[in-house]
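A quick write-up on the structure given underneath.
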Amino acid sequence: MSENVLEKHWLSKVADTLQPFGIGGLSGCVATCFIQPVDLVKVRIQLKSEKLGPNAGSEISPFRVFSEILKEGGVLSFWKGIDSALARQVFYTTTRMGIYKTMYQRSKQANNGKEPSFLAKSWCSIVAGFIGSLAGNPADLALVRIQADSTLPVEERRGYKNVFDAFYKIVKDEGIAALWRGSTPTVIRAVVINVAMLGPYDEIKEHLNHYFGTKDTQQTRLLASAAAGFLSSFCALPFDNAKTKMQKMKKDAAGVYPYSSIFDAIGKTAKREGVVGLWVGFPTFYFRIAPHTMITLLTQDWLTDKVNSWRKKKH
């Protein structure tokens, strides 16, 4: 085999390895640019609910919260923390989508080209969500704090200028380990979202393709991504709620944090706000998670088709 052929083979292998990671991260960034305003409203609703309890009533209406944010800082304030959100996608979504697709393809190859079982897809989702959430936690922590800052009394605000300033101040004031504060609920939330999103998306596509006699049409992808979006948002909200509260928490006068673990946060939320309080802001959360899931998955498949087509032409 000539040196040129060996070099092309090696480059092709590298491209095969990196492609799902690059496409996954880019897909997540595209979705985040559209969904960031909804995410901000969702965070504000969760924090208001924590403060006001079961009597929050219309105070946590997404329309009221939307109006408050608009009045507070104008249209651009809805993209507050976008640098942190994009940084999170670069670390989190790049990692989880890349690992999932890599494991999925290897599982398919080991199965003689047959689609992996739902159990195998779920295992790929769990591993991808676990590793991806650890990679993305620092940016996620910065994002939650930046979005929550204006809800705090002036003297308690952290005043982060951007994601890098947040990283610097968190490490300086709280130590480097603080970047992974709330990582337990973040990991659990990510695993739940991935299990309810990635595996079901591919599984539902398979069943729809079989039923309609098609192969990954846009209609099939749209229906599958919509179903995956609903499943992931419903299953993940209680954990997302707890994660938001844990990441923005501060020590009280006695030097004690209000929540000791994700289960403590969930328990106290249910006691203070009622069990339904675990799903507070579900419509907003759904319109944050479902479209983000759909845009990410559809963009990923579209980019994969385009890149594969381009690479075939090059060869």
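The values are calculated or read from the model by the stated rules, or taken from the named source; none is laboratory data. Note that the structure is predicted; figures quoted are calculated from it, not measured. Positions of Cβ are backbone-derived with ideal geometry, glycine not excepted, and every protein chain shown enters the neighbour counts.
Within segment 262-277, the presence of a residue that is under 25 Å from the mean Cα position of the chain (by Cα), surrounded by 17 or more Cβ atoms within 10 Å (Cβ to Cβ) and closer than 30 Å to Leu223 by Cβ is excluded.
Residues in segment 244-266 that are of a type in the set (Phe, Trp, Tyr) and closer than 20 Å to Ile170 by Cα: 2 in all. For Gln46, the conditions (1) surrounded by 20 or more Cβ atoms within 10 Å (Cβ to Cβ); (2) over 24 Å from Asn137 (Cα atoms) all hold with the exception of (2). Specify the residue that is farthest from Trp279 (Cα to Cα); the eligible residues are those in segment 212-235 that are hydroxyl-bearing (Ser, Thr, Tyr) and touching a residue at least 24 places away in the same chain (Cβ under 8 Å). For segment 212-235, the residue satisfying everything is Ser225. The residue list Lys114, Lys71 contains one member that is without any contact (Cβ under 8 Å) to a residue 24 or more places away in the chain and either out of contact with any helix residue (DSSP H, G or I) (no Cβ under 9 Å at 6 or more places or on another chain) or aromatic (Phe, Trp, Tyr) (or both), which is Lys71. Scanning segment 103-122 for residues that are in contact with a Cys (Cβ under 9 Å, 6 or more places away or on another chain) and surrounded by 19 or more Cβ atoms within 10 Å (Cβ to Cβ), we see that the one that is nearest to Val187 (Cα to Cα) is Met103.
From the list Leu52, Leu70, Leu40, which one is under 27 Å from Phe164 (Cα atoms) and surrounded by fewer than 22 Cβ atoms within 10 Å (Cβ to Cβ)?
Result: Leu70 is the single residue among Leu52, Leu70, Leu40 that is under 27 Å from Phe164 (Cα atoms) and surrounded by fewer than 22 Cβ atoms within 10 Å (Cβ to Cβ).
For segment 44-71, the set of residues classified as among the hydrophobic types (A, V, I, L, M, F, W, C), within 14 Å of Phe282 (Cβ to Cβ) and under 21 Å from the mean Cα position of the chain (by Cα) consists of Ile45 only. Of all residues in segment 49-86, those satisfying the criterion of being among the hydroxyl-bearing types (Ser, Thr, Tyr) and closer than 23 Å to Thr32 by Cα are Ser61, Ser67, Ser77, Ser84. Only residues that are on the phi > 0 side of the Ramachandran plot and exposed (fewer than 13 other Cβ atoms within 10 Å of the Cβ) were counted in segment 278-312, giving 0. Among the residues that make up segment 54-71, is at least one of them under 19 Å from Pro185 (Cβ atoms), assigned to a helix (DSSP H, G or I) and of a type outside the set (Ser, Thr, Tyr)? Within segment 54-71, not a single residue is under 19 Å from Pro185 (Cβ atoms), assigned to a helix (DSSP H, G or I) and of a type outside the set (Ser, Thr, Tyr). If you go through segment 226-245 one residue at a time, do you hit one that is farther than 30 Å from Glu50 by Cβ, in contact with a Leu (Cβ under 7 Å, 6 or more places away or on another chain) and at pLDDT 90 or above? Taking every residue of segment 226-245 in turn, none turns out to be farther than 30 Å from Glu50 by Cβ, in contact with a Leu (Cβ under 7 Å, 6 or more places away or on another chain) and at pLDDT 90 or above.
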